[in-house]
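Asks: Let me begin by handing over the structure; questions about it come next.
Any read-out appearing in this document is the output of simple, stated calculations on the displayed coordinates, not a laboratory observation. Quick caveat: nothing in here was measured; it's all calculated off a predicted structure. Backbone-built Cβ (ideal geometry, glycine too); neighbour counts: all protein chains shown.
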Amino acid sequence: MDYLSTRYFLSHRGIGVEPSFALCGDGSETIDHNADWHIPDPSVSHHIAELAINAHQSATLVTMSKLPSIFDLGWKIGTTKENEAAKKELMETWKLLEGELGEKPYFAGEKFGYVDLSLIPFSTWFYSYEAFGNFSMESEFPKITDWVKRCLEKESVSKSLVDQQDVYQFFGMMRKRLGVE
C-alpha cells in the first residue's frame, strides 16, 4: 500500500501517523517515503503492522480479482441468453463479497476501511443492475445492501457518490455503444 492509502486507512481507525521528513536540496521539507513513520502513541505500534497487512490483503483480494469483474460484468447484464452468463457471474461475485463481509458491519470489521472505500462506489450501479438484470439486490444480497446503508450514514460517503439515476442513464448509453441492448 502506498503512503496515502495507509495513512487514510490508519486514520479511520483512530491511529495518527506522522511521516518522517527529509530536507530537499533547496532547504524545503518533503515526506521521506523510505524512512520509518513516527507513531505518536507507541502503545498502538504493534497493531499497525497487523492492520496494514489485513488492509493490504483485503484490498488486494478485492481490487485485483473482484473489481474488474464487477466493472466488466456490470455493463453486460441483461435478460437475454447471452447476458444471463454475465449476470450469473456478477451475482456470484457479489455473493463472494457478501461472504467476505459476513456479520461484520464493514469489510475491515467495526470501522470503515480500505475495502469499503474501494467497493462503495459500485453501490450506485445497483439500480441499473436491477433494471437491466431483472433482479433485486436487496433480496439477493441483504448483507451487502445493509452494508451500503451503513456506509451512506457517513456524510463523506453519501456526499461523494453520484445519483443512481445518473448512473442508470450512463449505463444505458454505454450498453448501446457496446451493443449489449
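Asks: Distance cut-off 28 Å, Cα to Cα: go down the list Lys88/Lys143; Lys81/Lys104; Lys149/Lys176; Lys104/Lys159; Lys111/Lys176 and report the pairs above it. Don't jump to the answer; show the numbers that get you there.
Replies: Values: Lys88/Lys143 18 Å; Lys81/Lys104 36 Å; Lys149/Lys176 31 Å; Lys104/Lys159 24 Å; Lys111/Lys176 39 Å.
Going by Cα-Cα distance, Lys81/Lys104; Lys149/Lys176; Lys111/Lys176 fall outside the 28 Å limit.
Asks: If you don't mind, there's one more thing I want to ask. Among Phe135, Leu152, Gln164, pick out the residue whose Cα is farthest towards the positive end of the charge dipole of region 125-165, where Lys and Arg carry +1 and Asp and Glu carry -1 on C-beta, about the Cα centre.
Replies: Sorting the options by dipole projection puts first Leu152.
Asks: Efficiency by 1/(1 + (r/R0)^6): what FRET value for Lys81 and Lys111, r their Cβ-Cβ distance, R0 = 45 Å, to the nearest 0.05? Spell out each step's value before the answer.
Replies: Numbers: r = 43 Å, r/R0 = 0.96.
Computed FRET efficiency for Lys81 and Lys111: 0.55.
Asks: Relative to the present Cα-Cα distance, how much length would full extension add between Glu89 and Glu103 at 0.36 nm per residue of separation?
Replies: Values: separation 14, 0.36 × 14 = 5.04 nm, distance 2.32 nm.
2.7 nm is the gain from fully extending Glu89 to Glu103.
Asks: Between Gln165 and Asn134, what is 0.36 nm times their sequence separation minus the Cα-Cα distance? Round to one decimal in nm. List each step's numbers first, then the result.
Replies: Working: separation 31, 0.36 × 31 = 11.16 nm, distance 1.63 nm.
In short, 9.5 nm is gained.
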